[in-house]
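Visitor: Below is the structure I would like to discuss, written out as structure tokens.
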4 protein chains.
Amino acid sequence: MALPPEFHDIARRVNNWGRWGEADEIGTLNLITDEVVRGAAADIRSGRRVPLALPLQQDGVQTGVIPGRVNPLHTMVAVNLEIFGPDTVATSDDAVTMGLQAGTHWDGLTHVSHSGRIYNGRPAASVTAHGRAAFSGIEKARHIVSRGVLLDVARARGFDRLPEGHAVTPEDLEAAEELAKTTVRPGDIALVRTGQIQRYLAGEKEAYAFPSSGLSLRAPEWFHARDVAAVANDTLTFEIFPPEIENLWMPVHALDLVEMGMQQGQNWNLEELSEACAEEGRYTFLLSAMPEPFVGGAGSPVAPVAVL
Amino acid sequence: MALPPEFHDIARRVNNWGRWGEADEIGTLNLITDEVVRGAAADIRSGRRVPLALPLQQDGVQTGVIPGRVNPLHTMVAVNLEIFGPDTVATSDDAVTMGLQAGTHWDGLTHVSHSGRIYNGRPAASVTAHGRAAFSGIEKARHIVSRGVLLDVARARGFDRLPEGHAVTPEDLEAAEELAKTTVRPGDIALVRTGQIQRYLAGEKEAYAFPSSGLSLRAPEWFHARDVAAVANDTLTFEIFPPEIENLWMPVHALDLVEMGMQQGQNWNLEELSEACAEEGRYTFLLSAMPEPFVGGAGSPVAPVAVL
Amino acid sequence: MALPPEFHDIARRVNNWGRWGEADEIGTLNLITDEVVRGAAADIRSGRRVPLALPLQQDGVQTGVIPGRVNPLHTMVAVNLEIFGPDTVATSDDAVTMGLQAGTHWDGLTHVSHSGRIYNGRPAASVTAHGRAAFSGIEKARHIVSRGVLLDVARARGFDRLPEGHAVTPEDLEAAEELAKTTVRPGDIALVRTGQIQRYLAGEKEAYAFPSSGLSLRAPEWFHARDVAAVANDTLTFEIFPPEIENLWMPVHALDLVEMGMQQGQNWNLEELSEACAEEGRYTFLLSAMPEPFVGGAGSPVAPVAVL
Amino acid sequence: MALPPEFHDIARRVNNWGRWGEADEIGTLNLITDEVVRGAAADIRSGRRVPLALPLQQDGVQTGVIPGRVNPLHTMVAVNLEIFGPDTVATSDDAVTMGLQAGTHWDGLTHVSHSGRIYNGRPAASVTAHGRAAFSGIEKARHIVSRGVLLDVARARGFDRLPEGHAVTPEDLEAAEELAKTTVRPGDIALVRTGQIQRYLAGEKEAYAFPSSGLSLRAPEWFHARDVAAVANDTLTFEIFPPEIENLWMPVHALDLVEMGMQQGQNWNLEELSEACAEEGRYTFLLSAMPEPFVGGAGSPVAPVAVL
């Protein structure tokens, strides 16, 4: 079941291999220049901060369908332990086991491969169990701070939550730009709101996961044209699930991560941000979304914050 | 071995219990107001970003001395796995087991207790193995973004790295303020550089851990007077180890976390930031240092970034 | 909601506290004497071996209902890794994260407490997050090898699988003894077959877990009278779920583990053994069921084997 | 650095590929017949049981030298938790993260490969991060119960502990047979005692690991001639470390696991067994050594027990 010609056509148009040199490992993050960051700083007006991560807990978004992507198992290794003797200062320590893509996270560039390749044309086989990602590990994404733009598609289209079958198209994104009274610029991080995460917040974990609204196969070209640095949204699947073309699963992942070298964020909670932006009447802000620097990681939990 | 009168004297002077109400769970983070954040935004001038986290890997800073505080065990749960059949898009996923205080991290307010109490006078027994922290869990620290100030004590005192026995005193902190040509303000996050982390970076893990320079027992009062929101440094122990008063272990932890309700950061790599600040001739910046929101967590890994 | 008088009445009758001395930590395992083991050896006739553990895998019996009791997450930390250079001998290593009570397991004596006590009258508070079980940790059960007896209640009562609501009573156990043409003796390990595990084996995980047939509140007295060393069965809940007396949850656990000091086994797959015993026309054998010696463990996975 | 001719010569002589059919996945475990087990039962005379596993704890044998082979991190996920309300029966549950080869363990047949092959000529590439071992996973070793023979080489050679540089040769093994007044038979499991584990028991973890006495490159042929089912010993490295031929690392692993299809046990504590056998004047017994059935596992912790 090879990937169809439609996919390869788009792939050719959005491909960034070699654009930042053969040695490049971070793709579109190169678009975040110092100038972009200064522009982001100018977007801090009220000083209001909105966190975008879901709480990390056993009762997380994973339902067990994706093998190995386990919700956080958080345990105490010490509880009020008086290491230095009775009546001294006591410590409580904890540990966790979790899938790096289990909660609110970034997909690193090595999270998917297709046709035997990862970003910048490197062999997929450079990802191994012991070496993990030899190239483009998530620790290479050293500082993800840029201008963020909330593309509130649900609000722009008059929905509280997009219907499950709604594939977010370039037209939707432009409607959201219009609502935001801004144009997405090179180096921006685009946050696309569908409202799908309301399902999880209401306790409907299965319904949150599948079927799900999400980005259309047509979206990557739009992001490529706008030259965004990264895209995140409020779904588990990122792109529409099931897909628009039968049996073509995860084409947006392949286009974003492999062809463009563009990180993706999933399970971002954009509900509070949507309210804040609507209240303040503006949809741009400084966004800090630092991955934890797992060496060779194919992704990372992230606790993003929008500073309005 | 009860805590000595010297400790209790200082404790009384820096105590913040009730200051933000009986229900408060975040302590000095309350000092980060919208206005403080707007001030931090004004400190973004060049747009340069400096990450402060150590890489997360098996060969981390832990030596096995602290039971249960394990370095990250990062494993792949899928490597180029073609979930949807041959020649389709393939995924690589990973998982981790790690101590939340193992690498670059925040100590949450429940990380230590003394005399049966945690911050705001709550019983230490409110921290349990299953409920974890019922109050002041790290997920309550929703958004840690503020003005950061690098107090480069090593540089101010003419050292590349402070000698192991050097307890960082209020006088040292003021020398660093002078170097920085700034005064620490309410709501600031103070980053205190000792240079001790050079030991770890040079592969000397045991020497990094102990003995270690670090904050003096006298430092918390200074931070209390300045009303900082949080303090982090580049050591494993945070405070001087072994301590200044025999058998009085971890007094700074107890003063900061329990009495003041002030989060502490450890194992922050301030070397690149020190160079950057020296080059730019300024030591203030916007600091984003979001903990991962582990529900009931006594701490969290953090990937801080300074935006200059 | 204190435990009702019916419970305390039985508790008094089956209590073994002090029976093997105040210092005892292993309870009824004391009943396995060298003589009992010699008797078990005499029950090896054909040399046929039947394993009783379920495979350890992500798709295990846990459904997520019991917080923290996670199915095994088994990952590779090395795959054909040539540690000593190219074309040398290569190694593959793996690691696991799992709940100790997640699969086929023994409940250790500290797995439950009631009225503030564990076995032998020790305080429940002797179980802590860092010290784990100070007494009666699973590592104290040094060698569990004895005569095993299959009490095939389902077969004796003419069922392939007992109905969910069937509480296994002393009368059922005696019917199974009759089928087995044996009498349970002091030091024996009794394996009680309900057939409930067929539900899991058929992929019906939820139905396997609840509601479930299992031991009646009346069973512990029978085991106490017979002086068995341990009891295991083929259910997740061990005892009938929901319980026979409203709101009296887990009384059998409390009677077995706390009062008698008798280990319990759960999720043991007795299907193949049932066939083997029926074929050979005998229901006794040498049983080896060694727990993994987790220091302070409240339980352990076990891979039991019956040697017929 | 290809494997030298000496290695390939021995490999040819001990090779068992195809011996039990092309589909075979368990190698020399096939030698444990019902008859062998009946013979083992006859070796139970006193009924004394001797456990052979080291306690599982953070302070285990691993020193951090082997990446990812982590000592057990054992944590509580519940401590006296009253799930069903106040004053009800309370439960304590635990979880673990550990390397499967970290403590007393079996190496499964896929633990090593050489020249691109695993046992029975299958491709090494059949071991993957997600599928783990497609063939010969440790769960295929369904029931390891057989006659055990203690080959107490240290005692036979007049040592409390063999010198570090002592490679255990066929002559040593025969001296141990003589001491044991037995001949190793087809299907036996041979336990080879060097005394090296005394180092770990004395707290000298580094010295335990390296350098270490262990099996000579010449030992596999002897085991092959005797047709043993499996071999275990009381070292971390199993074979002599550093090796007898320069740069030929782990040849015994490769011969045993790949060529013969014979499982190996490491870190088995044979000290108490050595005393027991000397006291009883006999060195054979029934040995039960069931691996935990990790699906696709390259090894497993094991809690072996000798029944004398």
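The values are calculated or read from the model by the stated rules, or taken from the named source; none is laboratory data. Computed from a predicted model, the values in this text were never measured in an experiment. As a convention, Cβ positions derive from the backbone with ideal geometry for all residues, glycine included, and neighbour counts pool all protein chains shown. These accessible areas exclude ligands, DNA and RNA; they are computed on the full protein's heavy atoms, side chains included. Shrake-Rupley method; radii C 1.70, N 1.55, O 1.52, S 1.80 Å.
Visitor: Got a sec? Which of D:Thr104, D:Thr110 is within 10 Å of chain C (Cβ to nearest Cβ), in contact with a Leu (Cβ under 7 Å, 6 or more places away or on another chain) and under 24 Å from D:Pro251 (Cβ atoms)?
Guide: Working: D:Thr110 fails: in contact with a Leu (Cβ under 7 Å, 6 or more places away or on another chain).
Just a single option satisfies the conditions, and that option is D:Thr104.
Visitor: So D:Ala129 passes all but one of these: (1) more than 23 Å from C:Met290 (Cβ to Cβ); (2) small (Gly, Ala, Ser); (3) touching a residue at least 60 places away in the same chain (Cβ under 8 Å). Which condition number does it fail?
Guide: The number of the failed condition is (3).
Visitor: Test D:Asp24 against the criterion of being of a type in the set (Asp, Glu), farther than 30 Å from B:Val61 by Cβ and more than 14 Å from chain C (Cβ to nearest Cβ), and give yes or no.
Guide: Yes.
Visitor: Here is a follow-up. With the requirement that a residue be over 15 Å from B:Gln57 (Cβ atoms) and touching a Lys or Arg at 6+ places or on another chain (Cβ under 9 Å), what does region A:121-140 give you?
Guide: Passing the criteria: A:Pro123, A:Ala124, A:Phe135, A:Ser136.
Visitor: Further question: Could you list, in sequence order, the residues of region D:211-238 that are under 29 Å from B:Gly64 (Cα atoms) and in contact (Cβ under 8 Å) with a residue 40 or more places away in the chain?
Guide: Matches in region D:211-238: D:Pro211, D:Ser212, D:Ser213, D:Gly214, D:Ala232, D:Asn233, D:Asp234, D:Thr235, D:Leu236, D:Phe238.
Visitor: Enumerate the pairs (first residue in region D:4-19 and under 15 Å from D:His253 (Cα atoms); second residue anywhere and of a type in the set (D, E, K, R) and at pLDDT 95 or above) with beta-carbon separation below 6 Å, excluding pairs fewer than 6 apart on the same chain, so at least 6 apart or on different chains.
Guide: Correct list of pairs: D:Ala11/D:Glu259; D:Val14/D:Glu221; D:Val14/D:Glu259; D:Asn15/D:Glu259.
Visitor: Based on this model, can you work out whether B:Asn16 counts as polar (S, T, N, Q), modelled with pLDDT of 95 or more and open to solvent by less than 50 Å² (accessible area, probe 1.4 Å)?
Guide: yes
Visitor: Filter region B:1-27 down to the residues that are assigned to a helix (DSSP H, G or I) and among the hydrophobic types (A, V, I, L, M, F, W, C) and list them by number.
Guide: We begin by selecting, within region B:1-27, every residue assigned to a helix (DSSP H, G or I); these are B:5-14, B:27.
Those that are assigned to a helix (DSSP H, G or I) and among the hydrophobic types (A, V, I, L, M, F, W, C): B:Phe7, B:Ile10, B:Ala11, B:Val14.
Visitor: Which of the residues spanning region B:73-101 are modelled with pLDDT of 95 or more and in a loop (DSSP other than H, G, I, E, B)?
Guide: B:Val89, B:Leu100, B:Gln101
Visitor: Related question: Tell me, please, whether a residue that is in contact with a Phe, Trp or Tyr (Cβ under 8 Å, 6 or more places away or on another chain) and open to solvent by 10 Å² or more (accessible area, probe 1.4 Å) can be found in region D:218-233.
Guide: No, there is no match, as no residue in region D:218-233 is in contact with a Phe, Trp or Tyr (Cβ under 8 Å, 6 or more places away or on another chain) and open to solvent by 10 Å² or more (accessible area, probe 1.4 Å).
Visitor: Further question on the same structure: Please work out which residue is farthest from the other protein chains (Cβ to nearest Cβ), limiting yourself to region A:27-44 and to residues that are open to solvent by less than 30 Å² (accessible area, probe 1.4 Å) and of a type outside the set (Val, Ile, Thr).
Guide: My answer is A:Gly27.
Visitor: Follow-up. Among the residues of region A:31-44, is any in a loop (DSSP other than H, G, I, E, B), polar (S, T, N, Q) and over 27 Å from A:Ala102 (Cα atoms)?
Guide: yes
Visitor: While we're here: Looking only at region A:50-94, count how many residues are in contact with a Lys or Arg (Cβ under 8 Å, 6 or more places away or on another chain) and facing chain B (nearest Cβ under 7 Å). Quick ask: steps written out before the conclusion?
Guide: Filtering region A:50-94 for residues in contact with a Lys or Arg (Cβ under 8 Å, 6 or more places away or on another chain) gives A:51, A:61-63, A:74, A:76-77, A:93-94.
Add one more test, that the residue is facing chain B (nearest Cβ under 7 Å), and what stays is A:51, A:74, A:76-77, A:93-94.
Of the residues in that region, 6 qualify.
Visitor: Output the residues belonging to region C:102-120 that are part of a loop (DSSP other than H, G, I, E, B), crowded, with 23+ Cβ neighbours inside 10 Å and not aliphatic (A, V, I, L, M).
Guide: The answer is C:Gly103, C:Thr104, C:Gly108, C:Thr110, C:His111.
Visitor: What do you reckon, is A:Asp152 under 26 Å from A:Val36 (Cα atoms) and in contact (Cβ under 8 Å) with a residue 60 or more places away in the chain?
Guide: Working: under 26 Å from A:Val36 (Cα atoms): yes; in contact (Cβ under 8 Å) with a residue 60 or more places away in the chain: yes.
Spelling it out, A:Asp152 is indeed under 26 Å from A:Val36 (Cα atoms) and in contact (Cβ under 8 Å) with a residue 60 or more places away in the chain.
Visitor: Is it the case that B:Gly47 is of a type in the set (Gly, Ala, Ser), facing chain A (nearest Cβ under 7 Å), within 20 Å of the chain's Cα centre (by Cα) and surrounded by fewer than 24 Cβ atoms within 10 Å (Cβ to Cβ)?
Guide: Spelling it out, it is not the case that B:Gly47 is of a type in the set (Gly, Ala, Ser), facing chain A (nearest Cβ under 7 Å), within 20 Å of the chain's Cα centre (by Cα) and surrounded by fewer than 24 Cβ atoms within 10 Å (Cβ to Cβ).
Visitor: Another one. Does D:Pro242 qualify as being within 12 Å of chain C (Cβ to nearest Cβ) and surrounded by fewer than 24 Cβ atoms within 10 Å (Cβ to Cβ)?
Guide: Working: within 12 Å of chain C (Cβ to nearest Cβ): yes; surrounded by fewer than 24 Cβ atoms within 10 Å (Cβ to Cβ): yes.
Yes; evaluated as a whole, the condition is true for this residue.
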